Amino acid sequence: MRKSRAAGFVAIAVIYAAAGIIGVLTFILLPDLHIFLRVLIGDATATVFVYLGGVALKNVSVYDPYWSVAPIVILTGIAWYTERADAGMILLLIAVWYWGVRLTCNWAYTFTNLEKQDWRYDHFKQRFPRIFQLISFFGINMFPTLVVYLCLLPGIEFLKNSTLNAITIVGFIICMAAATLQLIADVQMHRFRRGSTEKDRLIREGLWKNSRHPNYLGEILMWWGVYIIMLSAAPQMWFLLAGPAVNTLMFFFVSIPLADRHNRATRPGFDEYYNETRSLLPVKRMKKQGGP
């Protein structure tokens with residue numbers, strides 16, 4: 001079973017279906033709490049179930065699609081819960097479904113079987129074997145769930161009193177552009193890997209010519225787009241920018257440095273590539289030593 005790609009898909013699908021049901025039931029059973037808190041508890045409960053599924057299958061990467069699946073389920077569920085429907089709500093859901101389905105399909109495309117998991121998880125397991133399960137639960141599973149939850153709060157707030165105006169459309173355009181940027185970056189990476197016989201070779205074409213992480217830029221912009229959509233209906237909730245801000249900081253201080261260190265250790269010529277590129281913006285930069 002562990003070597004079968006199809007069996008792996010089925011196992012993960014069953015885990016996610018069960019986690020979704022548990023999360024929804026948790027939400028329903030807490031009618032007296034604020035909707036933000038109800039979503040948080042339901043989201044966290046579902047995450048615990050996915051974590052336990054990963055433990056059972058001995059693969060932490062069982063959590064990987066949660067990042068893109070949960071927002072679709074949560075925001076669609078909240079839209080249904082509000083018993084309302086208008087153009088602004090539809091635009092938000094289109095953006096989130098486009099982003100989420102595309103990102104989930106990218107995960108599915110790269111999924112091999114249950115014997116393989118993300119190199120970062122293997123790295124943590126090798127360095128901290130005695131506390132790896134704690135790292136897995138809090139760092140790999142629960143922390144991203146909380147980051148995505150914070151990013152979803154503007155969307156949830158918007159769905160409570162959705163509207164449609166120029167600001168809504170601007171946010172929608174940013175979301176769609178961000179998801180398309182990710183799509184282009186991932187397609188270019190997949191094409192490069194298929195055409196290269198050298199696994200340690202660096203991609204130096206397309207968006208990746210001048211940016212080391214154009215896909216991360218798309219992920220960051222997506223949630224700022226959702227925040228802008230919220231401002232069109234509830235500008236008084238401006239402080240919910242904490243969500244996209246935390247997400248941005250996570251990429252700058254965790255994801256990007258970790259990926260750069262890994263590439264520097266495994267890919268010849270990375271230092272030259274680093275000095276010639278930007279972390280995020282696919283815009284040519286002047287050659288200099290170091291810097292993002």
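I want the local charge near Asn59. Using Cβ-Cβ distances under 9 Å, sum +1 for each Lys or Arg and -1 for each Asp or Glu among the other residues. Residues close to Asn59 contribute a combined charge of +2. Where Rh is the Kirkwood radius over the Cα pairs of the range 74-114, the temperature 20 °C and the viscosity 1.002 mPa s, what D in µm²/s does Stokes-Einstein return? Once the numbers are plugged in, D ends up at 183 µm²/s. Stokes-Einstein diffusion of the range 125-197 at 37 °C, 0.692 mPa s viscosity, Kirkwood radius from Cα pairs, rounded to a whole number: 203 µm²/s. Counted as membrane-span-like here are DSSP H helices of the chain whose alpha-carbon atoms extend 18 Å or more along the helix's own axis and whose Kyte-Doolittle mean is 1.6 or above; these are 5-28, 35-57.
A Cβ-based charge dipole, computed about the Cα centre of the chain with Lys and Arg at +1 and Asp and Glu at -1, lands at about 1160 debye.
Every Cα-Cα pair in the range 1-131 was counted, and those over 20 Å apart are 53% of them.
Applying a DSSP loop filter and a limit of 10 other Cβ atoms within 10 Å to the trypsin sites (Lys or Arg not before Pro) in the range 193-246 leaves Lys199. For Ser211, the residues 5 or more places off, or on other chains, whose built amide H falls under 5 Å of its own are Arg278.
Mean projected area of the convex hull spanned by the Cα atoms of the chain, taken over all viewing directions: 16.3 nm².
Separation of the range 24-74 from the range 155-205 is 24 Å, based on Cα centroids.
For the range 185-292, GluC sites (Glu not before Pro) are listed when DSSP marks them as loop and at most 15 other Cβ atoms sit within 10 Å of their Cβ; the list is Glu198, Glu205.
Note on the range 179-272: percent of Cα-Cα distances in each 5 Å bin, starting at 0 and stopping at the bin with the largest distance, equals 2, 12, 18, 19, 18, 11, 8, 6, 4, 2, 0.
Cross-link check: pairs Lys3/Lys125; Lys3/Lys199; Lys58/Lys125; Lys209/Lys284; Lys116/Lys209; Lys125/Lys199 evaluated at a Cα-Cα cut-off of 19 Å; pairs beyond the cut-off: Lys3/Lys125; Lys3/Lys199; Lys116/Lys209; Lys125/Lys199. Our summary gives the chain a relative contact order of 18 percent, counting only alpha carbon pairs under 8 angstrom and 6 or more residues apart.
Applying both filters, DSSP loop and at most 16 other Cβ atoms within 10 Å, to the trypsin sites (Lys or Arg not before Pro) of the range 58-158 gives Lys58, Arg84, Lys116.
The numbers here are math on the coordinates, done by the rules we state, and not lab data. The model shown is predicted, which means the values in this text are computed figures rather than measured ones. Quick reminder, even Gly has a Cβ in these numbers, built from the backbone with ideal geometry, and neighbours come from all protein chains shown.
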